[in-house]
Amino acid sequence: MKAKDRLLVVDDELDMINLIKRRVSADLECEVDTATSGGQAVDLAKRKTYDLGLFDIRMPEMDGLQLLEQMKQLNPWMTVVMMTAYGVVEPAVQSIKKGAYDFITKPFDYDDLIHVMRKALERCHLIRENLNLQRRVKERNQFQNLIGTSPAMRKVYDTIQMIAKTDVTVLITGESGTGKELAARAIHTLSLRNNRNLVVVNCPALPENILESELFGYKKGAFTDATRDKTGLFEEAQGGTIYLDEIGDIALPIQTKLLRVLQEKEIKPLGQARSIPVDVRVIASTNRNLKTQIKAGEFREDLYYRLNVLTLHMPPLRDRKDDIPLLAAHFLKRYCQEFGKPTKSLSPAFLDRLLQRDWEGNVRQLENLIKRAILLSSGNVIEPHELGLRTGDAPIGDILTYDRQISYKEAKSAALHRFHLQYLTELLRHHQGNVTHAAAACGLERQGLQQIMRRYGIKSQDFRPEPDTPQKETS
């Protein structure tokens, strides 16, 4: 059953508003509330959402223009029609400038009033349809970075939908590379906090003493290098969400302080005597078995139960292989554009090899393989031999093959080019884009390795295991 439109009529003349209520309720089938003062109207609007307002301009204490301003602050989408005395046009014109839809002069013919109100309701319906359209578009795009239609991923989407609108702590579990941070971003996007910061904290990347100061902040002089006050990440996330990535890796002293934050909803910066209240939703993730860590004395049991209010498990890629073609196509399109390469496609044989693999590194491993495929392939169709993909231990094909169409010199140049691309991509992948470590491992000077990388258009950041650019994060 379609909900009725809600109208709020405000006038200090009780007989007037009762007459309007009877007529409008009958002719427009609206749910009509009335108020005899601006203050009473504001109180009603704080408890209900009104589609349409009919306000008298001349009222004691709070006039119609002041009421209009307050109503627009409570509900910017409300359509308002003003009532003004005959010949008093200037205030009505001012009301239009302040956001009123129309005005009608007293005494008015009730047929004219119904006509004006019907036009105003048409505007309400257009606004509502537009807002619904925006909502549907947002819902379509809310999982744009989580790719997949398998039963396992549909379960993930359903769980995110259910938990996002709540404000409780969420623990996301799953192996490395399954998309735990993307799930956290989806939860934040769908939450009531989505207009505030999502602050991402990569817990394993920070030593214990630095992680504490990053999370909670510090006052000038708290320690030797504290030359200025520093706002902690919990404060930066005020009103929003903080995502603690791989929380199973943090030290016990930090766990104790996090427990206090979850229990007391307050933090105490280093060097500061008083605590600061924080309104932050906490989402944490781990690829570890926290119960095993609890038994080993490595993780606080009370913190575990504070974090594990709602749980979301991200499935490994081996349990959602139906999604591999979609994921591969997504990464292929994305990185062809990013690397400035022509559009490529995967051969059926290449896709078949992808479906046969176990994917210990999950979606991140598939993503990196598609990156290498784009860089190493010479044609527009990527074949399995171009990456030396294997089934078990048997090579699918050789990287070098005889081509009667090119000379020895051209073949040698192509072979060297392909060698450098494959060697360097494997080297940087192994060292996760750390050029210093990669140079030391292969026996080159760092500058020499960087020079070769530039020659072949290889960028170290393409091999760092980082997800999409966050709204706000630390590392």
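The values are calculated or read from the model by the stated rules, or taken from the named source; none is laboratory data. As the structure is a computational prediction, the values presented were derived from the model and not from experiment. With ideal geometry, Cβ positions are generated from the backbone for all residues, glycine too; neighbour counts draw on all protein chains shown.
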Those residues of segment 331-340 that are at pLDDT below 90 and under 23 Å from ALA152 (Cα atoms) come to a total of 0
Every listed condition ((1) within 25 Å of the chain's Cα centre (by Cα); (2) loosely packed, with under 15 Cβ neighbours inside 10 Å) holds for ASP225 save (1)
Across (1) in the same structural domain as ALA183 (by TED's automatic domain parsing); (2) touching a strand residue (DSSP E or B) at 6+ places or on another chain (Cβ under 9 Å); (3) surrounded by fewer than 16 Cβ atoms within 10 Å (Cβ to Cβ), ALA329 clears everything bar (1)
By residue number, the members of segment 60-81 that are surrounded by fewer than 23 Cβ atoms within 10 Å (Cβ to Cβ), closer than 18 Å to GLU13 by Cβ and touching a residue at least 40 places away in the same chain (Cβ under 8 Å) are PRO60
If we ask which residues in segment 250-276 are crowded, with 20+ Cβ neighbours inside 10 Å and of a type in the set (Asp, Glu), their number turns out to be 0
With criteria (1) among the hydroxyl-bearing types (Ser, Thr, Tyr); (2) at pLDDT below 80; (3) in contact with a Lys or Arg (Cβ under 6 Å, 6 or more places away or on another chain), TYR456 comes up short on (3)
Any residue that is at pLDDT 65 or above, buried (at least 18 other Cβ atoms within 10 Å of the Cβ), farther than 22 Å from SER345 by Cβ and not assigned by TED's automatic domain parsing to the domain that holds ILE250 - is there at least one of those in segment 375-385? no
- Answer yes or no as to whether PHE350 is crowded, with 19+ Cβ neighbours inside 10 Å and touching a Pro at 6+ places or on another chain (Cβ under 7 Å). yes
Matching residues in segment 3-26 (buried (at least 20 other Cβ atoms within 10 Å of the Cβ), touching a Phe, Trp or Tyr at 6+ places or on another chain (Cβ under 6 Å) and of a type outside the set (Val, Ile, Thr)) number 1
Restricted to segment 277-307 and to residues being on the phi < 0 side of the Ramachandran plot and free of Cβ contacts under 8 Å to residues at least 12 places away in the same chain, the residue surrounded by the most Cβ atoms within 10 Å (Cβ to Cβ) is ILE294
If we take segment 1-88, then strands (runs of 3 or more DSSP E) inside it with 3 or more residues that are modelled with pLDDT under 90 are none
Reported set for segment 187-223 where residues are under 16 Å from THR169 (Cα atoms) and of a type in the set (Gly, Ala, Ser) is SER191
